């Protein structure tokens with residue numbers, strides 16, 4: 001049997017250890033630049049918040065939402081919608097002008113306070129770290145762990161779903177559906193459209209591509225409706241004409257007028273019932 005010298009044995013051990021260390025380094029890549037991460041077009045949801053390593057309870061039934069578009073973010077904390085121009089580079093979320101636009105829907109006081117709290121977090125230049133379908137946002141002692149909405153809430157089918165109107169956008173103003181007003185619609189598999197826009201009921205036909213609905217004339221009942229139901233109905237029927245852009249994100253359907261006329265609704269936001 002051929003013997004190795006002690007020096008040779010030590011050399012083998014050292015070089016083996018170096019090889020193992022090198023392999024270990026290669027298997028743990030440096031964190032990617034958040035500016036290069038695939039956040040644009042994604043929405044994240046969370047109810048997992050800690051402050052000073054202690055669980056921070058959100059208002060019962062509420063959830064944090066954070067979405068990324070090209071150079072902008074959208075967010076909500078259970079009541080109003082937040083939006084603003086933003087950039088995320090070097091691991092930091094920076095809001096342009098350090099302020100977010102907020103809708104002015106009236107909600108219970110705890111939800112209103114939660115809106116303000118979340119807006120303060122987002123404008124504090126928090127850090128972002130993405131790992132597959134998880135996004136971690138950290139601001140001082142507050143840590144919020146988000147999960148990709150497509151994992152939490154897969155996209156609902158356009159057809160066979162009753163869509164309940166949640167909010168109306170007219171120009172730059174967004175408002176919730178007034179209390180006591182019910183407005184919904186549903187799309188049948190055979191191209192039938194059923195609509196209850198606020199007071200009356202109606203039906204019509206539609207065709208759909210990936211991004212556009214083409215809506216035919218809608219035959220409506222003619223019951224007289226007092227405000228605010230009549231106002232909601234006018235916004236809905238005014239938008240549901242001809243070609244309408246649409247998108248589905250989880251349980252949310254957004255209809256946007258391709259041709260804006262007058263001061264009526266430009267966007268209708270529905271939730272799956």
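Quick note: the coordinates plus some simple rules give every number you see, no bench work behind them. What you are looking at is a predicted structure, and each value in this text was computed from that prediction instead of being measured. As a convention, Cβ positions derive from the backbone with ideal geometry for all residues, glycine included, and neighbour counts pool all protein chains shown.
Given contacts defined as C-alpha pairs under 8 Å and at least six residues apart, what's the relative contact order of the range 162-272, whole-number percent? It comes to 28 percent, rounded to a whole number.
Put in order of Cβ neighbour count within 10 Å, fewest first, the listed residues 271, 65 become 271, 65. Sorted fewest first by neighbouring Cβ atoms within 10 angstrom, 243, 48 come out as 243, 48. Centroid-to-centroid, using Cα positions, the range 214-273 and the range 79-126 are 28 Å apart. In terms of surrounding Cβ atoms within a 10 Å radius of their Cβ, 117, 163 rank from fewest to most as 117, 163. Axis of helix 109-122 versus longest Cα principal axis of the chain: the two differ by about 50°, to the nearest ten degrees.
Given the chain, report the % of alpha carbon pairs whose separation exceeds 30 Å.
44 percent
Of the Cα atoms belonging to the range 111-231, the radius of gyration and Dmax stand at 20.1, 58 Å. Taking Cα atoms only, the orientation of helix 229-239 departs from the longest principal axis of the chain by about 70 degrees. Applying 0.36 nm per residue to the separation of residue 133 and residue 92 and subtracting their alpha-carbon distance, the gain on full extension is 12.9 nm. Taking the range 34-152 on its own, what percent of its Cα-Cα pair distances exceed 25 Å? Counting every Cα pair in the range 34-152, those more than 25 Å apart make up 15 percent.
In the range 109-198, Cα pairs under 8 Å separated by at least six residues give a relative contact order of 15 percent.
With contacts taken as Cα pairs under 8 Å at a separation of at least 6 residues, the chain carries a relative contact order of 13 percent. Residue separation of residue 50 and residue 150 scaled by 0.36 nm, minus their Cα-Cα distance, works out to 33.7 nm of gained length.
For the range 193-273, the C-alpha radius of gyration divided by 2.2 N^0.38 Å, with N the number of residues, is 1.07. Relative to its residue count, the range 153-222 spans a Cα convex hull of 136 Å³ per residue.
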